[in-house]
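Written below as structure tokens is the structure these notes are about.
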Amino acid sequence: MLDVTHVTKKYGKVTACDDVSFHLEPGSVTVLLGPNGAGKSTIMKSVIGFLKFEGRITVGGYPNKTVEARRLLGYIPEMPSLYPNLTVSEHMEFLARAYRLTGYSGRVDELFRRFELDDKRGKFGDELSKGMQQKLNICLGLLPEPGVILLDEPMIGLDPHAIKELKLIIEELRSRGRTMLVSTHIIDSVDMLWDRTLIMDHGAIRANVTRQELEGDGRTLEQLFFDVTEGHSPETPEEGAAE
Ligand code: ADP
């Protein structure tokens, strides 16, 4: 559904992504896990078409910057960018018009109820707390329900109720055949959610495993993460440490 092939992105002398390749299966959840600065946002922004890069990215077989690919892509950015002079409801209205959605009011009601924004409908973008801004950001990204949804660090700033709802919604979207790529640097935030995990560090994909492969391997995701990014698991004493 999404193919990233030999993608390299440099910001001046900094190589943020170095020959990155991966494939997302339709109707699956893939977690892009990596420490801060690993290159996760850069890959997301390359897929969505915000950045120029070397290599090839296709969505449903279409090059990522084509109209066909854009129709298939949704993006929930790490930093919400809301309009200070639009209310919460007007943001949803604005997005629905941009996507030419019809019959969406029930979906808006459901998202507002689930993310506890019902009583905030009349508030302006700049009157919302950071957490509420992030919730509206998520509602905006979920309203059109495109085929492939990129969620960049979506749990940051959310309260426990919103995190629970978002996880449930991700599972519901998967059961409706949507394909998702979720980036995070917090291992615990993704726990039972994923079908495949890509571990990224210093601009490269260091591990690409399915849940079954990891279970067969006998390691936890945390162990794999530290093996890959630091060369040892938390349980494995570092060389010389036992002496
Ligand atoms: P992550 O999302 O995993 O935290 P990023 O993709 O944001 O990582 O960053 C990867 C690398 O690229 C980092 O070294 C970061 O400092 C650098 N970088 C990101 N954006 C820019 C930019 N606009 N200009 C220069 N360097 C950048």
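The values are calculated or read from the model by the stated rules, or taken from the named source; none is laboratory data. Being a predicted model, the structure only gives us computed values, none of them experimental. In this analysis, Cβ positions are derived from the backbone assuming ideal geometry, glycine residues included, and neighbour counts consider all displayed protein chains. Keep in mind that these areas ignore ligands, DNA and RNA; they rest on the heavy atoms of the full protein, side chains included. Shrake-Rupley method; radii C 1.70, N 1.55, O 1.52, S 1.80 Å.
When VAL14 is tested against (1) aliphatic (A, V, I, L, M); (2) over 15 Å from the mean Cα position of the chain (by Cα); (3) surrounded by 17 or more Cβ atoms within 10 Å (Cβ to Cβ); (4) within 27 Å of GLU230 (Cβ to Cβ), only condition (3) is not met.
Pairs only if they're at least six apart or on different chains, beta carbon under 6 angstrom, first in segment 1-20 and farther than 13 Å from SER41 by Cα, second among the aromatic types (Phe, Trp, Tyr) and open to solvent by less than 80 Å² (accessible area, probe 1.4 Å); list them, first residue then second. The qualifying pairs are VAL4/PHE22; VAL7/PHE53. Restricting the search to strands (runs of 3 or more DSSP E) fully inside segment 166-229 and requiring at least 2 residues that are buried (at least 21 other Cβ atoms within 10 Å of the Cβ) and β-branched (Val, Ile, Thr) gives 179-184, 196-201. Screening MET79 with (1) within 22 Å of LEU140 (Cα to Cα); (2) within 12 Å of the ligand (Cβ to nearest atom); (3) modelled with pLDDT of 95 or more; (4) not β-branched (Val, Ile, Thr) gives one miss only, at (3).
Look at segment 169-197: where a residue is under 19 Å from GLU153 (Cβ atoms) and a partner is of a type in the set (Lys, Arg), sitting 6+ places away or on another chain with Cβ atoms under 7 Å, you get MET180/ARG174; SER183/LYS40; LEU193/LYS167; TRP194/ARG211. ASN36 passes every criterion in (1) of a type in the set (S, T, N, Q); (2) modelled with pLDDT under 95; (3) more than 13 Å from the ligand (Cβ to nearest atom) apart from (3).
Being among the small types (Gly, Ala, Ser), free of Cβ contacts under 8 Å to residues at least 24 places away in the same chain and either in contact with a strand residue (DSSP E or B) (Cβ under 8 Å, 6 or more places away or on another chain) or open to solvent by 40 Å² or more (accessible area, probe 1.4 Å) (or both) holds for only one residue in GLY122, GLY61, GLY39, GLY55, and it is GLY61. Could you grab me the full set of residues in segment 19-31 that are in contact with a Ser or Thr (Cβ under 6 Å, 6 or more places away or on another chain) and of a type in the set (Asp, Glu)? Answer for segment 19-31, where residues must be in contact with a Ser or Thr (Cβ under 6 Å, 6 or more places away or on another chain) and of a type in the set (Asp, Glu): just ASP19. In summary, CYS139 fulfils each of the numbered conditions (1) part of a helix (DSSP H, G or I); (2) open to solvent by 50 Å² or more (accessible area, probe 1.4 Å); (3) closer than 22 Å to ASN85 by Cα with the single exception of condition (2). Evaluation of LEU95 against the conditions (1) away from the ligand (no atom under 16 Å from the Cβ); (2) surrounded by fewer than 17 Cβ atoms within 10 Å (Cβ to Cβ) shows that the sole unmet condition is (2). For segment 1-11, what are the residues that are open to solvent by 10 Å² or more (accessible area, probe 1.4 Å) and either within 15 Å of the chain's Cα centre (by Cα) or modelled with pLDDT under 95 (or both)? MET1, the sole residue that qualifies.
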